[in-house]
1. With respect to residue 80, is the statement that it is assigned to a helix (DSSP H, G or I), buried (at least 24 other Cβ atoms within 10 Å of the Cβ) and among the polar types (S, T, N, Q) true?
2. Taking only the range 319-342 into account, find how many residues are of a type in the set (S, T, N, Q), closer than 23 Å to residue 279 by Cα and open to solvent by 10 Å² or more (accessible area, probe 1.4 Å).
3. Is one or more of the residues making up the range 246-269 at pLDDT 70 or above, open to solvent by less than 20 Å² (accessible area, probe 1.4 Å) and not in a helix (DSSP H, G or I)?
4. Within the range 160-167, can one find any residue that is without any contact (Cβ under 8 Å) to a residue 40 or more places away in the chain and either of a type in the set (Ser, Thr, Tyr) or on the phi > 0 side of the Ramachandran plot (or both)?
5. Could you please tell me which pairs satisfy a Cβ distance under 6 Å, a separation of 6+ or placement on different chains, a first residue in the range 34-49 that is of a type in the set (Lys, Arg), and a second residue that is open to solvent by 10 Å² or more (accessible area, probe 1.4 Å) and at pLDDT 85 or above?
6. For the range 351-364: of the residues being surrounded by fewer than 19 Cβ atoms within 10 Å (Cβ to Cβ) and touching a residue at least 12 places away in the same chain (Cβ under 8 Å), which is nearest to residue 432 (Cα to Cα)?
7. Give me a count of the residues in the range 347-402 that are part of a loop (DSSP other than H, G, I, E, B) and of a type in the set (Ser, Thr, Tyr).
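The values are calculated or read from the model by the stated rules, or taken from the named source; none is laboratory data. These numbers come from a predicted model, not from an experiment. As a convention, Cβ positions derive from the backbone with ideal geometry for all residues, glycine included, and neighbour counts pool all protein chains shown. SASA here: full protein model, heavy atoms, side chains in, ligands and nucleic acids out. Shrake-Rupley method; radii C 1.70, N 1.55, O 1.52, S 1.80 Å.
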Amino acid sequence: MESNINYRYSFKSIFAQSLALAGPCFIQTGIGIEITCSTIIIGALASNKSNNGLPPLTDEQASWFGSLLFLFTPLGSALSSLTLDHFGHKTCMIITNVPFIVSQIMFFYANSVGTLYACSMLMGISVGYSGGPSSAYIGEVCEPKLRGALMSATNVFYFVGSLLFTLIYAITLEWRLTVLIAMSIPIVTIAILFMTPQSPMWLLTKGEPLKAQQTLGKLRGWPSHETFSSKEFREMIAYTSTTMVHEDDDTEPDATSSWGQLLRPEVYRPFRLLLVYIFFANLLSGIQYVPYLVAVFTEFGAPVNVEFTLAFSVFLSTIGGIITIFLINKLGKRFLTLSTLLICSICYILIGLIGVYWTNSKPITSWLVLILFLTTTFMSSLGIMPIAWILLTEIFPMKSRNITCSAGGAMGYLISFFMIKYYLELSNFVNFYNTFTLFGISGLFGAVYFYFYLPETENKTLQEISEFFK
């Protein structure tokens, strides 16, 4: 059922909400940098460019360095879930930048593979810690009609971070200098977050209704008292009260606690859907190839500058993310998911078939597989990749959202760890191009699953979405 909710706020409301999301946007920029670090460093060491005393990594070392970040995100997510209710979204978003800064300093002075591993672990903790606070914050401060678009806009900054990092390296060809320059991002992020308001819903759960009302007013561009008090604020109170009404009921402590709620249908059903979604989003957006993109582009054999091709691929992702902002409200998440997943699957299958069976026209096929791969980069950023993280912010009920956002993000990154860690072994076992065929066929099964089980959440209130899964 389509939601009829429309709070009719002015342009000032959109501007105020966009301004409040500046902090999460910069956090996404930092995440883009952190995840791209291994791609740049592995490629730089393999090509003997600016090694500065570090030898090229072996396949085993590269797989660990590229995947350790994703292995340690659950630790960051666990720490986040334990501290989020107490400190709130704003403070937790500030804390997430500390290990990021430390990792960049260590990268600059790194003289051993062990130090690279330690930096990857720290970045994993930083990325994991940021997932719950930033995702839950975006879901709670945005109007239903703007949530999808603003979350898509926030996701664009992930690609902006990757693009900045790859461009800086393509220009300087010095990976140590690149990480030093990138360290400015978390510093700026902390400064912005000090000026960011808390979530009104979190303030309500802490028994501060007046402060929550004032904060909501700021987030809605200071509309008249009647505008936000009579509609959205009362619904917000009702929503938070509903999720907490049994807090003091001793008869069902397990069912009403945050952890006990994980066993309820409205929590485990969307959680199951989210894990399946993240699996196929990662698989068809090529997360398993990311740390090895320099080697992937080299294997394709097209006569291109690999560093700038890498930057161009991130540029395409950025453009795709921007287009998502304007399409998501018109086409909906369900249509974008099915269409982009199918296109990516078909492109992957074509890459695999061309690479294995069309081997007598190398100049043509090298360009063709590169174009197909860049097409999947663009299409995945247009649909399945950003939508996975939008769903994370909106499909869980209020009481369990802090835990489920953190746990969902952690499981997503854990899936990425296994994909990246064992990709090289799979590639050696089945052949490089056959991995594309395998992943593409898997994507077709994913499209069938989402056709039957993925609901449309666009322009729905959080309450309506929660009711769907009951």
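1. yes
2. 1
3. Checking the range 246-269: not a single residue is at pLDDT 70 or above, open to solvent by less than 20 Å² (accessible area, probe 1.4 Å) and not in a helix (DSSP H, G or I).
4. Within the range 160-167, the subset without any contact (Cβ under 8 Å) to a residue 40 or more places away in the chain is none.
No, that holds for no residue.
5. What qualifies is 49/173.
6. Of everything passing the filter in the range 351-364, 356 is nearest to residue 432 (Cα to Cα).
7. 2
Rundown of residues vs (1) open to solvent by less than 20 Å² (accessible area, probe 1.4 Å); (2) out of contact with any Asp or Glu (no Cβ under 8 Å at 6 or more places or on another chain); (3) modelled with pLDDT under 85, yes/no style:
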{"residue": "45", "(1), (2), (3)": "yes, yes, no"}
{"residue": "49", "(1), (2), (3)": "no, yes, yes"}
{"residue": "54", "(1), (2), (3)": "yes, yes, yes"}
{"residue": "64", "(1), (2), (3)": "no, yes, no"}
{"residue": "69", "(1), (2), (3)": "yes, no, no"}
{"residue": "73", "(1), (2), (3)": "yes, yes, no"}
